[in-house]
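Novice: Let me begin by handing over the structure; questions about it come next.
The values are calculated or read from the model by the stated rules, or taken from the named source; none is laboratory data. Keep in mind that what you see is a predicted model, and the values were worked out from it rather than measured. Note that each Cβ is placed from the backbone with ideal geometry, even for glycine, and that neighbours are counted across all protein chains shown.
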Amino acid sequence: MSTIAAVSTPDATGGIAVIRISGDDAFKIAEKVFVPVGNKIISQMNGYTCCYGIAYDDGERLDDCILTVFRKPHSYTGEDVAEISCHGGIYVTKRILRAILKNGADNAQPGEFTKRAYLNGKLDLTQAEAVMDIISAKGERELRIAENLREGASFRKIKKCSDNLIRILGSLSAWADYPEEDIPEVNPVNLCRELRDVRNDLSSLIEHYDSGRIIREGVSAVIIGKPNVGKSTLFNCLSGCQRSIVTNIPGTTRDVVEESVRIGDIVLRLSDTAGIRQTSDVIEEIGVNIAEKLIYSSELVIAVFDGSSPLTQEDMELLEKINHKNTVAVINKNDMGILPQIPEELSKFIPHIVFLSAMENNGIDTLRIAIEDIFHINENTFSAPSVANERQKKCIDSALICVESTISALENGELLDAVNVLIDEAEQYLLSLTGEKVTDAVVDEVFSRFCVGK
Ligand code: GDP
């Protein structure tokens, strides 16, 4: 395999930049570009040691640097790796990389260092994907989920299911292929029990998938309500800045204002909309139509009501529109006192009701708790082994279909020969999930999502 190189730090000015070289010729190439101060010889340095020196390009002095040596297989990629830490200027970093490429290294493709780690058995495919999640984690909880994945808890659970299926396949074929040997007959009842255990383990891996996805990707949410209930005040309160214009004149927000806001551990891609009401103002009407469309396309509806004045026909029409959506009813203006019939009436339509005062920034935490409840976000979301992305989820879903079909086939008295094929198919999906048996196209697809230098 060729020796590859790339800048592993961001393409921006910083205190330090790191250029990574990985492959059989890593030290030979490093020696052509980097001259240690003193009498150190890079190719003779021990792993996990570093030295100070100067980087050159064709005799031209580029920068004072530190070079670190990692010897195979004890490196990130499993290959010989040299990392040059230089001053973090974009130009100087590119010059050093160019000198390395001139001396025989190839430009690393996105994710190629991690791909090599996978190909060299340093990581399984789920752990490699977790590296990407760690890089893109934007919050504490997101990082915890990714760390969990990289630590291999999911892999161990998948491996356990896979080993069980292999054992079952082994006993089925031993019994079928060597009838003359005294191999005990496979008992369909025991087989069903073992398969149910596999099914339960696989189901638990996708149980928290949706909540994990919500932590990673956020939720599209829309604030709706009739005019003047405090939608824009709530939007501004959540986004922490004055994005929407707040007045006591109904119909002020005509366009849709969007912002990403974090509430607890969840990022809401939040839209503030025009108040939904009948209007003769053409521009306002366009806004109202957009708001209605957003109700259908958003994963979460935050429906705002004014708790200080009775519900109106417009409120009731709104309740019809949000039927079947994940909705939190926000009863706003609780600083003015809440009419008791409002929560009474709303609870007939919406199970999650919170009281707050957007103007006084009071009660926002109850909104967070309601949203976490709707999306089943709890401690298990962050600690239980789970799958990380659609690719992994599809593999588990397909394996589950095969295992469930096997169980019902056995319950219907089908021959063991017939179920063998289904169990084998389930096993293939699990092997493809961990990357033990996967096509090059899938591997390429996984690593194409990485950045250069990782
Ligand atoms: P929107 O039309 O639904 O977006 O409503 P706005 O956010 O523009 O607010 C309409 C009026 O209600 C403004 O005068 C706000 O100051 C007022 N308002 C909003 N939230 C509250 C609240 O929690 N308490 C009180 N007392 N007034 C509020």
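Novice: Regarding residue 211, is this residue buried (at least 16 other Cβ atoms within 10 Å of the Cβ), modelled with pLDDT under 85 and either under 26 Å from residue 395 (Cβ atoms) or more than 16 Å from the ligand (Cβ to nearest atom) (or both)?
Specialist: Values: buried (at least 16 other Cβ atoms within 10 Å of the Cβ): yes; modelled with pLDDT under 85: yes; either under 26 Å from residue 395 (Cβ atoms) or more than 16 Å from the ligand (Cβ to nearest atom) (or both): yes.
Against the criterion (buried (at least 16 other Cβ atoms within 10 Å of the Cβ), modelled with pLDDT under 85 and either under 26 Å from residue 395 (Cβ atoms) or more than 16 Å from the ligand (Cβ to nearest atom) (or both)), residue 211 qualifies.
Novice: Turning to a different aspect of this structure: Return a yes/no flag: does segment 199-206 have any residue that is in a loop (DSSP other than H, G, I, E, B) and either within 19 Å of the chain's Cα centre (by Cα) or touching a residue at least 12 places away in the same chain (Cβ under 8 Å) (or both). Break it down into steps so the answer makes sense when it comes.
Specialist: First pass over segment 199-206, keeping only residues in a loop (DSSP other than H, G, I, E, B): none.
There is no residue in segment 199-206 that is in a loop (DSSP other than H, G, I, E, B) and either within 19 Å of the chain's Cα centre (by Cα) or touching a residue at least 12 places away in the same chain (Cβ under 8 Å) (or both).
Novice: Here's a follow-up. Among the residues of segment 172-195, what is the count of those that are more than 38 Å from the chain's Cα centre (by Cα), assigned to a helix (DSSP H, G or I) and at pLDDT 80 or above? Give the derivation first.
Specialist: First pass over segment 172-195, keeping only residues more than 38 Å from the chain's Cα centre (by Cα): 172-189.
Subset that is assigned to a helix (DSSP H, G or I): 172-177, 188-189.
Retained after the next criterion (residues that are at pLDDT 80 or above): 172, 188-189.
Adding up the residues that qualify gives 3.
Novice: Residues that are of a type outside the set (A, V, I, L, M, F, W, C) and more than 22 Å from the chain's Cα centre (by Cα): which helices (runs of 4 or more DSSP H) entirely in segment 358-454 hold 3 or more of them? Walk me through how you get there before you give the answer.
Specialist: On the way: elements: 364-374, 379-383, 390-411, 416-434, 440-448.
Ranges flagged: 390-411, 416-434.
Residue-by-condition table, conditions (1) more than 16 Å from the ligand (Cβ to nearest atom); (2) buried (at least 19 other Cβ atoms within 10 Å of the Cβ):
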site: 312; (1), (2): no, no
site: 329; (1), (2): no, yes
site: 344; (1), (2): yes, no
site: 356; (1), (2): no, yes
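Novice: Here's something else I'd like to know. Among 80, 64, which is modelled with pLDDT of 95 or more, exposed (fewer than 15 other Cβ atoms within 10 Å of the Cβ), acidic (Asp, Glu) and in contact with a Gly (Cβ under 9 Å, 6 or more places away or on another chain)? Steps first, please.
Specialist: Details: 80 fails: exposed (fewer than 15 other Cβ atoms within 10 Å of the Cβ).
Answer to the selection: 64.
Novice: Run down 363, 337, 307 and say which single residue is over 28 Å from residue 209 (Cβ atoms), surrounded by fewer than 17 Cβ atoms within 10 Å (Cβ to Cβ) and of a type outside the set (A, V, I, L, M). Break it down into steps so the answer makes sense when it comes.
Specialist: Details: 363 fails: surrounded by fewer than 17 Cβ atoms within 10 Å (Cβ to Cβ); 307 fails: surrounded by fewer than 17 Cβ atoms within 10 Å (Cβ to Cβ).
Of the residues listed, the single one that is over 28 Å from residue 209 (Cβ atoms), surrounded by fewer than 17 Cβ atoms within 10 Å (Cβ to Cβ) and of a type outside the set (A, V, I, L, M) is 337.
Novice: Output the residues belonging to segment 221-238 that are over 31 Å from the mean Cα position of the chain (by Cα) and more than 6 Å from the ligand (Cβ to nearest atom).
Specialist: 226
Novice: Looking only at segment 114-154, count how many residues are assigned by TED's automatic domain parsing to the domain that holds residue 434 and buried (at least 22 other Cβ atoms within 10 Å of the Cβ).
Specialist: 4
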